[in-house]
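**Q** Sharing a structure below in structure tokens format, with a few things to ask.
The values are calculated or read from the model by the stated rules, or taken from the named source; none is laboratory data. This is a predicted model, so every value here is computed, not measured. We place every Cβ from the backbone using ideal geometry, glycine too, and count neighbours over all the protein chains shown. Accessible surface is based on the protein model in full, side chains and every heavy atom, while ligands, DNA and RNA are left aside. Shrake-Rupley method; radii C 1.70, N 1.55, O 1.52, S 1.80 Å.
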Amino acid sequence: MRWESVYVAGTGAWLPEPYPARAAVEAGVYDQEQFEADGLVSVSVAGEEVTPPDMAVHAATTALKRSGLDPRTVRLLLHSYVWFQGQTMWPVASYVADHAVHWSVPAFEVKQECNAAVGALELAARHLNCETGAASAVLTTGDRFAEPLINRWSAEAGLVYGDGGTALVLSNQGGFARVLSTATRADNRMESLARGAGLSPLPTGEPYDHAARFAHHLQSRGGGIREAADRLVAMVKGVVDDALTDAATDPSAIAWAVVPTGGQDKMRRQAEQLLGVPGSRTTWEFGSRTGHLGAGDQFAAFNDLAERGALRPGDRVLMLSAGPGAASCAVLEITGAPGWAAPARREARS
């Protein structure tokens with residue numbers, strides 16, 4: 001879908017202090033061989049004093065302030081996450097909206113695992129496109145991954161989970177980046193990759209074990225790892241092609257590819273094989289210091305690019321997310337330097 005009047009007006013992120021990946025190896029919680037393969041420098045690890053919804057509130061407050069928009073123009077808040085939000089049977093999106101924007105803003109959760117935030121961007125763009133007057137939307141994410149229900153260092157090979165909150169403010173009036181296009185493709189057969197042995201009528205309290213769930217998928221569905229990988233690649237390539245075509249943009253014109261944060265080998269394959277973009281034009285350097293922020297990788301990395309003055313007018317930025325069941329992509333064009341950027345730190349790109 002091509003958009004004419006959807007803009008990014010503000011970004012924000014709340015990230016805790018980084019925990020050195022080497023220290024996790026020395027503590028015996030992160031495998032030495034996996035550490036060397038992943039190439040992570042550190043991971044964002046939050047203490048117990050802050051909950052995921054409050055992380056999202058901090059990020060949204062920053063993003064809205066930077067946007068310069070009146071909170072009364074916000075017509076929608078969409079909150080995304082992967083893990084526990086601090087309470088069960090509770091409208092967490094309403095909490096984020098009340099504390100960061102206004103008590104009367106309609107707020108909803110968008111849940112689609114790691115694909116949720118970019119998928120929410122597309123939903124918000126559709127919503128703003130229907131507004132007749134000045135309107136904006138706030139998108140947030142927030143997650144904290146901790147034992148005993150998840151071991152961030154070993155739950156999934158090639159993926160270490162980090163904590164943090166992120167936010168993006170969209171407007172139909174203007175901003176420092178224009179959303180040229182968005183696209184989503186689905187392969188709902190892939191949900192079984194994350195389902196495991198089956199459904200339970202009640203929470204079991206068992207720790208998350210991605211390897212066990214994936215192994216069950218392979219045993220029950222057949223086809224092997226190659227078949228699952230081919231489905232994922234087809235879905236991702238298709239959604240990237242859709243977004244680039246609608247944005248009338250060639251892959252060679254992409255200044256930055258904002259992709260999910262995994263180990264360096266996974267990141268390199270995503271960029272070079274799926275996107276045709278060299279690793280130097282991805283947000284890997286940022287991701288190597290945060291780990292995988294659940295649904296928040298893309299907003300956090302885009303915020304980092306904006307903060308450190310790495311975005312230049314005319315740049316085109318590709319934002320990609322994918323999960324077991326869906327993939328979403330957005331193409332943005334930078335229209336001006338954000339007011340909070342650090343121009344002195346602008347950098348050369350290859």
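**Q** In the list Ala228, Ala248, Ala255, Ala234, which residue meets the criterion of being surrounded by fewer than 16 Cβ atoms within 10 Å (Cβ to Cβ), more than 16 Å from the chain's Cα centre (by Cα), of a type in the set (Gly, Ala, Ser) and not in a loop (DSSP other than H, G, I, E, B)?
**A** None of the other options fit; the residue is Ala234.
**Q** Further question: Which members of the stretch 21-58 meet the condition of being touching a strand residue (DSSP E or B) at 6+ places or on another chain (Cβ under 7 Å) and under 18 Å from Glu147 (Cβ atoms)?
**A** Answer for the stretch 21-58, where residues must be touching a strand residue (DSSP E or B) at 6+ places or on another chain (Cβ under 7 Å) and under 18 Å from Glu147 (Cβ atoms): Ala21, Val43, Ser44, Val45, Pro52.
**Q** Hand me the list of strands (runs of 3 or more DSSP E) wholly inside the stretch 113-222 holding 2 or more residues that are among the aromatic types (Phe, Trp, Tyr) and open to solvent by less than 70 Å² (accessible area, probe 1.4 Å).
**A** none
**Q** When the residues of the stretch 291-309 are narrowed to those that are at pLDDT 95 or above and more than 15 Å from the chain's Cα centre (by Cα), which ends up surrounded by the most Cβ atoms within 10 Å (Cβ to Cβ)?
**A** Ala306
**Q** Determine the pairs where a residue that is touching a residue at least 12 places away in the same chain (Cβ under 8 Å), located within the stretch 15-38, has a partner that is open to solvent by 70 Å² or more (accessible area, probe 1.4 Å) with Cβ atoms under 6 Å apart, the partner being 6 or more residues away or on another chain.
**A** Pairs that qualify, where the first residue is touching a residue at least 12 places away in the same chain (Cβ under 8 Å) and the partner is open to solvent by 70 Å² or more (accessible area, probe 1.4 Å), are Pro18/Arg289.
**Q** Show the residue pairs that are 6+ apart or on different chains and have beta-carbon atoms under 6 Å apart, the first residue being within the stretch 327-340 and open to solvent by 40 Å² or more (accessible area, probe 1.4 Å), the second being part of a strand (DSSP E or B) and not charged (D, E, K, R).
**A** Within 6 Å, the pairs are Glu333/Leu180.
**Q** Another question, then. Only residues that are in a helix (DSSP H, G or I) and either of a type in the set (A, V, I, L, M) or open to solvent by 10 Å² or more (accessible area, probe 1.4 Å) (or both): list them for the stretch 270-287, please.
**A** Across the stretch 270-287, the qualifying residues are Gln270, Ala271, Glu272, Gln273, Leu274, Leu275, Gly279, Ser280, Arg281, Trp284, Glu285, Phe286.
**Q** So, one more: Please go through the stretch 269-290 and pick out each residue that is at pLDDT 85 or above, among the small types (Gly, Ala, Ser) and touching a Ser or Thr at 6+ places or on another chain (Cβ under 6 Å).
**A** Ser280, Gly287, listed by residue number.
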